[in-house]
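The values are calculated or read from the model by the stated rules, or taken from the named source; none is laboratory data. Everything numeric in this text was worked out from a predicted model, so none of it was measured. Note that we place each Cβ from the backbone using ideal geometry, even for glycine, and neighbour counts take in every protein chain shown.
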Amino acid sequence: MLFQVHFLSLLMEERGAGDLAQVAEHVRQKLIRRHPHVFGEVEAQTAGEVLRNWDQIKATEPGREQGIFGEVPENLPSLLYARKVIRRARTAGIEPPEPDVAAAAEDATDFDAIGDLLFACVELARRHKVDPELALRAAADRFRAAHE
């Protein structure tokens, strides 16, 4: 976090647009604004409530893209992109379809079916609090080690 503050302040100073004190003050205000459960009067009993509050606050900030998926970068690696799309949908009250990996695997004969299968696997990982990127990498490493 401090590296980012320092780096941004150096960029701003080079452009004559600000300095370290201004960047630090902006970050301080943002932390206070986005964490009313810590610095304000808002009560959040669960991590889910904190995330919902966070998303609502971010949606009101100027310069934000509108819509449920407005700030999800399309150039993310596909597993991370799918995770963020699912999280944004759930935050908006849209539940992804129940992951039926077995049925999807039976139908996995074309491009869309394979994509749906992978999306279902990402949702399944989310439900079990597993990072799909790390799980897939570990599976590939196990496979590789077993065949070397």
Inset, instruction - For residues that are exposed (fewer than 11 other Cβ atoms within 10 Å of the Cβ) and more than 24 Å from His6 (Cβ to Cβ), tally how many sit in region 51-63. - result: 3
Inset, instruction - Give region 131-142 a look and list any residue that's surrounded by 12 or more Cβ atoms within 10 Å (Cβ to Cβ) and within 20 Å of Val85 (Cβ to Cβ), or say none. - result: Asp131, Pro132, Glu133, Ala135, Leu136
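Of everything in region 18-45 that's of a type in the set (A, V, I, L, M) and closer than 23 Å to Lys58 by Cβ, which residue is nearest to the chain's Cα centre (by Cα)?
Looking only at region 18-45, we keep the residues that are of a type in the set (A, V, I, L, M), and these are 20-21, 23-24, 27, 31-32, 38, 42, 44.
Filter once more, keeping what is closer than 23 Å to Lys58 by Cβ: 23-24, 27, 31-32, 38, 42, 44.
Working: Val23: 24, Ala24: 24, Val27: 20, Leu31: 18, Ile32: 21, Val38: 21, Val42: 23, Ala44: 20 Å.
The residue in question is Leu31.
Table: residues versus (1) modelled with pLDDT under 80; (2) in the same structural domain as Arg137 (by TED's automatic domain parsing); (3) outside any loop (DSSP other than H, G, I, E, B).
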position	(1), (2), (3)
His26	no, no, yes
Leu31	no, no, yes
Glu43	no, no, no
Lys84	no, yes, yes
Ala103	yes, yes, yes
Thr109	yes, yes, no
Inset, instruction - Report, by residue number, each residue of region 47-101 that is under 15 Å from the mean Cα position of the chain (by Cα) and among the basic types (Lys, Arg). - result: Arg52, Lys58, Arg83, Lys84, Arg87, Arg88, Arg90
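Residues Gly48, Gly18, Gly70: which one is without any contact (Cβ under 8 Å) to a residue 12 or more places away in the chain and assigned to a helix (DSSP H, G or I)? Even if it seems obvious, please write down each step before you answer.
Working: Gly18 fails: assigned to a helix (DSSP H, G or I); Gly70 fails: assigned to a helix (DSSP H, G or I).
After ruling out the rest, the residue left standing is Gly48.
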Inset, instruction - Report yes if some residue within region 36-50 is under 25 Å from Phe3 (Cα atoms), of a type in the set (D, E, K, R) and surrounded by fewer than 10 Cβ atoms within 10 Å (Cβ to Cβ); otherwise report no. - result: no
Inset, instruction - Report yes if Asp141 is farther than 22 Å from Arg52 by Cα and modelled with pLDDT of 90 or more, otherwise no. - result: yes
Legend entry - Sole exception among (1) modelled with pLDDT of 90 or more; (2) assigned to a helix (DSSP H, G or I) for Asn53, by number: (1)
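Could you tell me whether region 112-122 includes any residue that is within 30 Å of Pro36 (Cα to Cα), without any contact (Cβ under 8 Å) to a residue 24 or more places away in the chain and either surrounded by 16 or more Cβ atoms within 10 Å (Cβ to Cβ) or not assigned by TED's automatic domain parsing to the domain that holds Ile32 (or both)? First the steps, then the outcome.
Step one: of region 112-122, the residues within 30 Å of Pro36 (Cα to Cα) are none.
Taking every residue of region 112-122 in turn, none turns out to be within 30 Å of Pro36 (Cα to Cα), without any contact (Cβ under 8 Å) to a residue 24 or more places away in the chain and either surrounded by 16 or more Cβ atoms within 10 Å (Cβ to Cβ) or not assigned by TED's automatic domain parsing to the domain that holds Ile32 (or both).
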Inset, instruction - Output the residue which, of all residues in region 61-80 that are modelled with pLDDT of 80 or more and either of a type in the set (S, T, N, Q) or touching a Gly at 6+ places or on another chain (Cβ under 7 Å) (or both), is farthest from Ala125 (Cα to Cα). - result: Asn75
